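Take a look at the structure below.
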Amino acid sequence: MFRVQSLLCSSLMVLSLMAPNVVLAQAPGGGEDPIGIYRQTGIDSAQEEKIRALAENYEKSEDDKAHKMIDNLNKLKALSLAPDLDEKLILDTQTTINKLQSEMALDKIHLLISIRKVLNKNQRIKLVSLLQSRNKASGPDGPSQ
């Protein structure tokens, strides 16, 4: 049962990391424009183009990792259902999954840092203000629905 729960948790993590528009990480949900929060800071068209290029490059690089993650999750599932468990192979596969999750999380952080570098100081201050306002409005458990 624990293995099934761990697998389910890992699968949910992968799905959350594979969001199609990573710029949404700092933008409101609900289908709003993923670049909208940056527009609210006053970016110009050149900055918007740079942000979109960064997000596109990120998505391309993460696609391969996401496929590897899914392959390894499927492998782990198959290994856990074998009558004779191969402990080393299971642990190696889980280690690979952990490494991919970590790399994907760090890549996302690098993307957000890169996006902020595109903004000037006043725009970064405005972005932080907008994010803080959103966090206060959504409460400790995330946005209310």
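Only the coordinates and a few stated rules stand behind these numbers; no lab work does. None of the values given here were measured: they were computed from a predicted structure. We place every Cβ from the backbone using ideal geometry, glycine too, and count neighbours over all the protein chains shown.
Observations on the model:
- Hey, Leu89 surrounded by 11 or more Cβ atoms within 10 Å (Cβ to Cβ) and over 20 Å from the mean Cα position of the chain (by Cα) or not: yes
- Just one of the numbered conditions (1) part of a loop (DSSP other than H, G, I, E, B); (2) closer than 27 Å to Ile35 by Cβ is not true of Gln132: (1).
- Selection of first residues in region 50-62 that are without any contact (Cβ under 8 Å) to a residue 12 or more places away in the chain and of second residues that are crowded, with 19+ Cβ neighbours inside 10 Å and polar (S, T, N, Q), restricted to Cβ pairs under 8 Å at least 6 apart or on distinct chains, gives an empty result.
- The single condition from (1) in contact with a Leu (Cβ under 9 Å, 6 or more places away or on another chain); (2) exposed (fewer than 14 other Cβ atoms within 10 Å of the Cβ); (3) among the basic types (Lys, Arg) that Lys121 fails is (1).
- For Gln94, the requirement of being in contact (Cβ under 8 Å) with a residue 60 or more places away in the chain and part of a helix (DSSP H, G or I) is not met.
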